[in-house]
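So the structure is just underneath, and the comments pick up after that.
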Amino acid sequence: MNLTGLLTLLPNLPAFREWLTVLDTGTDEPAPQSILAAARPYVVAGIYAHRPAPLVFVTARSEMAQQLCEQLAVWLPAVEEGGPA
């Protein structure tokens, strides 16, 4: 299953646009940090779709990092389709 098409909806959300503005301008203004756990892979994939560059995502446990990697595979295109390597 691939949910990449849903990433086009994120820029319509004011909170996501605010976050992208903070990331794009590089200001010291803090970005919003309160994201539901279930939405985090979607938001991380949306940030990558907007700004394809290496991202650092810190988790409290290695299991959470593994789970995020598995979930990102659903949200991002496959490597052979131009997704992250």
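The values are calculated or read from the model by the stated rules, or taken from the named source; none is laboratory data. Computed from a predicted model, the values in this text were never measured in an experiment. Backbone-built Cβ (ideal geometry, glycine too); neighbour counts: all protein chains shown.
Details
Residue-wise test of (1) at pLDDT 90 or above; (2) acidic (D, E).
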position	(1), (2)
S34	no, no
A37	no, no
R40	no, no
P54	no, no
V58	no, no
E63	yes, yes
Q67	yes, no
E80	no, yes
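- Residue in region 25-40 that is surrounded by 14 or more Cβ atoms within 10 Å (Cβ to Cβ) and assigned to a helix (DSSP H, G or I) present: yes
- In region 36-71, the residues that are within 16 Å of W19 (Cα to Cα) and among the β-branched types (V, I, T): V43, V44, I47, V56
- Residue in region 6-13 that is modelled with pLDDT under 85 and loosely packed, with under 12 Cβ neighbours inside 10 Å present: no
- Unmet requirement for G26, which otherwise passes all of (1) on the phi > 0 side of the Ramachandran plot; (2) modelled with pLDDT of 80 or more: (2)
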